[in-house]
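Please read the structure below before turning to the comments.
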Amino acid sequence: MSSFLQKLIWGCLILVSFSVSVYAQQGSGFGFKGGLNYTTSGKYFKDAGDILAKPQSNMGYHLGIFYQLNSYDIALRPEVVFTETQFETSLGQVTTQKVDLPVLVKMRFFQIIGFSFGPSFRYILSEKFSNPDNFDPSDPWGLGFQLGLGVNLGPVGLDLRFERELNERKFTLDNVLGKKDYKSQQLILGLSFKIPNKK
């Protein structure tokens, strides 16, 4: 991992820790989340057809915890999430287990609608290839971004996010998706529950 990425990760963690300790207030708190992930190639109309034909081919899941720091209609929400994804290509399937660390800013509209965005760090725990000779292992450390829309009803939230990695992954051959490198993209559907504060 580059020294720049290390400094960026430590800077975000220090900022989150400082914010939690200084600005925590009523309405803030910890919670749990889980849901489904769909890895895309960036060719969304083709992917939509694949979902109908083979709904589980590129499907994965995630489970995690978060802390939401509220300030009026804006919240800071760091998360620690275990994710398993699958990605089917013409050269075989890639199955990845990783830890995601998104740090999102969440803005609330009309009390129940939320828009969130921010960086997402990741560390790959394992990466398995159905045809190992066709793929090069990824750098375990990576950086991307997430943005999405959600609905909150009390402590329960449902959101749909788009995630794109900024680190390129490489194939040994250049006939996958018409190019040698690709940047993973995901649609993430998540259900969350924030633990109510005791009064």
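The values are calculated or read from the model by the stated rules, or taken from the named source; none is laboratory data. Bear in mind that the values here come from a model prediction, so they are computed numbers and not experimental data. Cβ: placed from backbone, ideal geometry, glycine included. Neighbour counts: every protein chain shown.
Summary of values
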| read-out | value |
| --- | --- |
| Of all residues in region 59-118 being surrounded by 19 or more Cβ atoms within 10 Å (Cβ to Cβ) and either over 18 Å from the mean Cα position of the chain (by Cα) or basic (Lys, Arg) (or both), the one that is farthest from Ser184 (Cα to Cα) | Asn70 |
| Scope region 123-140; condition of a type in the set (Asp, Glu) and closer than 17 Å to Glu88 by Cα; matching residues | Glu127, Asp133, Asp136 |
| Residue, nearest to Ile113 (Cα to Cα), within region 63-95, restricted to residues that are in contact (Cβ under 8 Å) with a residue 24 or more places away in the chain and among the hydroxyl-bearing types (Ser, Thr, Tyr) | Ser71 |
| Failed criterion for Val16 (all others in (1) within 30 Å of Gln111 (Cα to Cα); (2) at pLDDT below 80; (3) more than 20 Å from the chain's Cα centre (by Cα) hold) | (3) |
| Strands (runs of 3 or more DSSP E) lying entirely in region 80-199 (those with 1 or more residues that are at pLDDT 80 or above and under 21 Å from Ser57 (Cβ atoms)) | 92-109, 113-129, 156-165, 185-194 |
